[in-house]
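Written below as structure tokens is the structure these notes are about.
The values are calculated or read from the model by the stated rules, or taken from the named source; none is laboratory data. As the structure is a prediction and not an experimental result, all values here were calculated from the model. Positions of Cβ are backbone-derived with ideal geometry, glycine not excepted, and every protein chain shown enters the neighbour counts. We work out accessible area using only protein heavy atoms, side chains counted, and drop any ligands, DNA or RNA first. Shrake-Rupley method; radii C 1.70, N 1.55, O 1.52, S 1.80 Å.
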Amino acid sequence: MQHLDLDFVRQQFPMFQTELGQKIGFLDNAGGSYVAGAVIDRLTDFYTNYKVQPYGANPISNRAGEAMELGRRTMAELLNVSADLITLGASSTQCFNTLSIACTPLVAKGRSAAAGEVIVSEQDHESNIGGWERLCQQQGATLKIWPVDPESGELALEDLEKLLSNKTAIVAVTHSSNIIGTINPINEIAALVHGVNAKLVVDGVSYAPHAWPNLDVLDADAYVFSTYKTYGTHLGVMVVREDFLQELAPQCHFFNMPYPNKRLDSAGPDHAAIAALAGIGDYFAALHDHHFAGKKGLPLHRKARAVAALMNQHENELCAYLLENLNDLPVRIFGRKTIEQREANIALSSPKISSKALADGLAEYDIAAKNGHFYAYRLLQAMGVADMNDGVLRISLSHYNSLEEVERCVAGLRAMLG
Ligand SMILES: Cc1ncc(COP(=O)(O)O)c(C=O)c1O
């Protein structure tokens, strides 16, 4: 079976050429990944050669506009969706906030008999909860919380079924949790949600870096993720299906309303960051062509998915090793104890040593990992974490991590906890 060529992968990231990049085993990837060189090249090119207002007749402005179009087009190709359905925001949180405001007509005041309820999951990052809560408060609508199991942190479909009714307008849930790492069965959730004619909004921020979303098969009405966690610039990408988009209150200038990709564009993010999205495509293509030389003619989304499968396999091997070792240490592992239906994102806590002390201790081993609640505040509260500021220690892997880095992390943890 084909394996990821880790040397080749690491050559694509300038961070690994720096002194600190070589020294530190970076295992805080769920917070934000390293940036691929191809992205940095495009960013530098934009800022160096055409950082002016785009879409003017002069050649400098023209190039800026073309580079931005290429960035948007590349993201559309990587996801295999029409560029019209993609809104780019400063972050995923901004995308979710804009989307929740745009959903006002769906949970309109006085429409309670038809659709006055929104369901959010307790497992989610606050990014996909707060906006929905504010919308409900403002509209006098009901916010229902889909609770997690306090021990496992997982969501049960039966609990969602109990909450759904013909009043449900929207259900917001994460594709996978940034704490427990379980991958949720989005299409089974979608079938239930669509069964009561509600819309499903999915947070793909934690999932996308591990397995690049396949929107051909995911039955979400809106899907959001952050490109600064997928080796790119700091943006949020929001894909909203056409029929959902039609029902939403536009958030753009009135004269931009005819353009679908501008309807939810409440404030255009950094032009150069948009242009540099093309570099994520370059990165996937370079990896693909290196590993699958005979299949260079494939469309970009097929290349991305083939590469993502290799990345995922590599991460899972590292994660299985990490879990095996953690399983015989005196720690609470949040989420599943094996790699099954799980991404390489492991949170843990110790009854004896604070999560902060564990993170500080790992730094002595030149391992970067972080402690805290990671904005999944409600999840950790439900799971009984007492000190939210200390929270959990999170070790989150990326495909560019090596076994040696994970071994060093395990050695550090063993020394502190064993
Ligand atoms: C699962 C999840 N959702 C949403 C977000 C928010 O993303 P952004 O920082 O782009 O607003 C994060 C950020 O860490 C996250 O982990």
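Points worth noting:
- Area of Cys319 that stays accessible when all protein chains are in place (1.4 Å probe, Å², to 10): 0 Å²
- Highest-MSF residue in the chain out of Asn178, Asn401, Asn389 [GNM, Cα springs under 10 Å]: Asn389
- Difference of contour (0.36 nm per residue) and Cα-Cα distance, Val217 to His3: 74.5 nm
- Rounded to the nearest 20 debye, dipole of region 263-325 from Cβ charges on Lys, Arg, Asp, Glu: 420 debye
- DSSP-defined antiparallel bridges as percent of all bridges, region 45-279, nearest 5: 35 percent
- Accessible area (Å², 1.4 Å probe, nearest 10) - Arg73: 120 Å²
- Cα gyration tensor category, rounded, prolate or oblate, for the chain with a/c compared to 1.5: oblate
- Sparsely packed loop sites in region 250-342 (the trypsin sites (Lys or Arg not before Pro) outside DSSP H, G, I, E and B with at most 11 other Cβ atoms within 10 Å) comprise Lys296.
- Annotation: lysines with alpha-carbon distance below 27 angstrom to Lys144 (same-chain offsets under eight excluded): Lys109, Lys162, Lys167, Lys199.
- Of Leu218, Leu155, Leu300, the residue with the greatest mean-square motion in the GNM of the chain, using alpha carbon springs below 10 Å, is Leu218.
- Straight-line reach from Lys262: taking Cα to Cα under 18 Å and skipping same-chain neighbours fewer than 8 places apart, the aspartates and glutamates in range are Glu66, Glu69, Asp84, Asp221, Glu242, Asp243, Glu247, Asp270.
- Put the Cα centre of region 288-343 next to the Cα centre of region 253-285 and the gap is 29 Å.
- Centroid-to-centroid, using Cα positions, region 1-31 and region 173-242 are 26 Å apart.
- Counting only protein heavy atoms and a 1.4 Å probe, the chain has 40 square angstrom of accessible area per residue.
- Rounded to the nearest 20, the Cβ-based charge dipole of region 45-279 about its Cα centre (Lys and Arg +1, Asp and Glu -1) stands at 860 debye.
- Within the shell defined by Cβ-Cβ distances under 12 Å, the residues around Met383 carry a net charge of -2, with Lys and Arg each +1 and Asp and Glu each -1.
- The fraction of all Cα pairs in region 45-279 landing in successive 5 Å bins from 0 to the largest distance is 1, 7, 14, 18, 19, 16, 10, 7, 4, 2, 1, 0, 0, given as whole percents.
- Overall shape: prolate for region 54-124, with the ratio a/c of the largest to smallest alpha carbon gyration tensor axis at 1.5 or above and a/b above b/c.
- Region 1-102: chymotrypsin sites (Phe, Trp or Tyr not before Pro) falling in loop per DSSP and having at most 15 other Cβ within 10 Å: Tyr55
- For region 23-99: rounded, prolate or oblate by the Cα gyration tensor [a/c cutoff 1.5]: oblate
- Charge dipole of region 45-279 about the Cα centre (unit charges at C-beta), most positive-ward option of Ile60, Ser266, Thr48: Ile60
- DSSP-assigned coil residues among GluC sites (Glu not before Pro) in region 279-343, each with at most 13 further Cβ atoms within 10 Å: Glu340
- Carbon and sulfur %, accessible surface of the chain computed with the full protein complex present, 1.4 Å: 52 percent
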